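Reviewing the structure listed below.
None of the figures in this text is laboratory data; all of them are computed from the coordinates on show. As the structure is a computational prediction, the values presented were derived from the model and not from experiment. Cβ sites come from the backbone with ideal geometry, for glycine too, and all protein chains shown count toward neighbours.
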Amino acid sequence: NDLRVGVVGAGMMGADHIKRINATIAGATVSAVVEPDEQRRAAALATAPGAEGYGRLEDALDADALDAVLIATPGKFHTPVLLPALAAGLPILCEKPLTQDPESSWEVLEAEQATGRRLIQVGFMRRFDPEYAALRELIAAGSAGDLLMLHCAHRNASVPDSYIQPMLINDSVVHEFDVVPWLAGGSIVNVEVRAGKRNSLTPDRLREPILVLMELDNGVIVDVEMNVSIQFGYQVATEAVFEKGVARIGQPGGLQLWQDGAFRIGEHADFTTRFATAYDRQVQAWVDAARQGGIDGPSAWDGYKVAVACQAGVKALESSGPIAVELPPTPDFYA
Ligand code: ISE
């Protein structure tokens, strides 16, 4: 039997996941679309034959319309969806961030622990990107020597009107806060943000690009260029510096064209194509695990750790110098 997935939130990511589940993912179908906005709900339902529409998750739960929940609302709406989904004992794939701050993330951890099972997978999809996975293997294998530094570039062509200054951290660098420790095998001890010359093309409400510096407890240092008005396209790339070499991921690929005295290669316009393979692999891994009642990917504890790093990152955005990232001991449940 297919896993009946309820997708909560039918914005850009929700609509993308609905299409993905019905077209690409084996063993799952979208059975419910939960979206308060009627127009968006209708548009999503038109792409999901057989699915029922609901305004609230509770109504879909009352109708026994789903076996698992994919949460794709903006981060500030995650807690009120996570709590009833946990109470119903359903496996959950929650788009990043887990929640907006460490306090609410802790509340979610407690609710998950009360169910006695790990039910929440957080949508840090970069862990499912083949190149990130290859770099992690290289680091772990040690064949190029120890990892010393990571230079990360995180560039968006532009951002929507709803994107405000703290989202540079909470919505964007949130990914590096998860994937950097996953790659480098340490945890973040502090975060610093430097803002240099402002891009005159960025919206008035933003001051960027920014340079985010992180120090890990294993001595590795990391810089992230966070840039959301780069105009030309979407680019997420990393250069890893080892004792005996350098590795790069996220370089443009595909068709190369020499014409009219110039050389061209394509670049992505946004994350839906750049990380399409990662999203596919992430959702398939989750569906396979959810059919057995579990998860297969970043946990709620990973989500909590990132929330703590984001809180330090936002503080760093508003002050000068490094801000410490202080984590409580890992609860036994997540050890
Ligand atoms: C967006 O919300 C994402 O999650 C993308 O992966 C990220 O690159 C972008 O900067 C965010 O706004």
### Summary
Of the candidates V81, G294, P166, the farthest towards the positive dipole end of the chain (Lys/Arg Cβ +1, Asp/Glu Cβ -1, centred on the Cα centre) is P166
### Query
What FRET efficiency would be calculated for the residue pair A195, T272, taking the C-beta separation as r and a Förster radius of 45 Å, to the nearest 0.05?
0.95
### Task
Calculate how steeply helix 276-290 sits against the longest principal axis of the alpha-carbon atoms of the chain, using the helix alpha-carbon long axis, and give the answer as 0 to 90 degrees to the nearest 10.
40 degrees
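Give, rounded to the nearest 20 debye, the magnitude of the charge dipole that segment 209-335 has about its Cα centre when Lys and Arg contribute +1 at Cβ and Asp and Glu contribute -1 at Cβ.
Details: 8 positive and 16 negative charges, 54 e Å.
Around 260 debye, computed over segment 209-335.
Placing +1 at every Lys and Arg Cβ and -1 at every Asp and Glu Cβ, with all other atoms neutral, what dipole size does the chain have around its Cα centre, in debye to the nearest 20?
Values: 27 positive and 44 negative charges, 139 e Å.
It works out to roughly 660 debye.
Going by average Cβ neighbours within 10 Å, how do the peptides 293-305, 119-131 rank, with the highest at the top? Write down the numbers at each step before the final one.
Values: 293-305: 21.2, 119-131: 23.5.
Ranking, from highest mean packing down: 119-131, 293-305.
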### Task
Provide the net charge surrounding D280, with neighbours chosen by a C-beta distance below 13 Å and charges set as Lys +1, Arg +1, Asp -1, Glu -1.
+1
### Cα centroid separation, segment 221-245 to segment 13-69 (Å)
35 Å
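Packing-wise, with mean Cβ within 10 Å as the measure, how do 156-163, 217-224, 66-73, 283-290 rank, highest first? The partial results should precede the final answer.
Values: 156-163: 13.9, 217-224: 17.6, 66-73: 24.8, 283-290: 21.2.
Descending mean neighbour count gives 66-73, 283-290, 217-224, 156-163.
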### Query
Considering the dipole of the chain built from charges on the beta carbon (Lys and Arg +1, Asp and Glu -1) around the Cα centre, which of I230, V189, V30 is farthest to its positive end?
I230
#### Entry: Furthest towards positive pole of dipole, L90, P328, F263, structure part the chain, Cβ charges
F263
### Message
7 Å from Cα along Cα→Cβ at both M149 and D2: what's the point-to-point distance in nm?
### Response
5.0 nm
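Would you mind putting 85-97, 50-62 in packing order, based on average other-beta-carbon counts within 10 Å, highest first?
Working: 85-97: 21.8, 50-62: 17.7.
Result, highest mean Cβ count within 10 Å first: 85-97, 50-62.
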### Message
What do you get for the angle between helix 102-115 and the principal long axis of the chain? Use alpha-carbon atoms, 0 to 90 degrees, nearest ten.
### Response
40 degrees
#### Entry: On Cα atoms only, tilt of 130-141 relative to the major axis of the chain in degrees
60 degrees
### Task
Quote the charge dipole size of segment 125-271 about the Cα centre in Debye, to the nearest 20; the model charges only the Cβ of Lys and Arg (+1) and of Asp and Glu (-1).
240 debye
### Query
Is there a pair in K197/K305; K76/K305; K96/K305; K96/K315 whose C-alpha atoms are over 22 Å apart, and which pairs would that be?
K197/K305
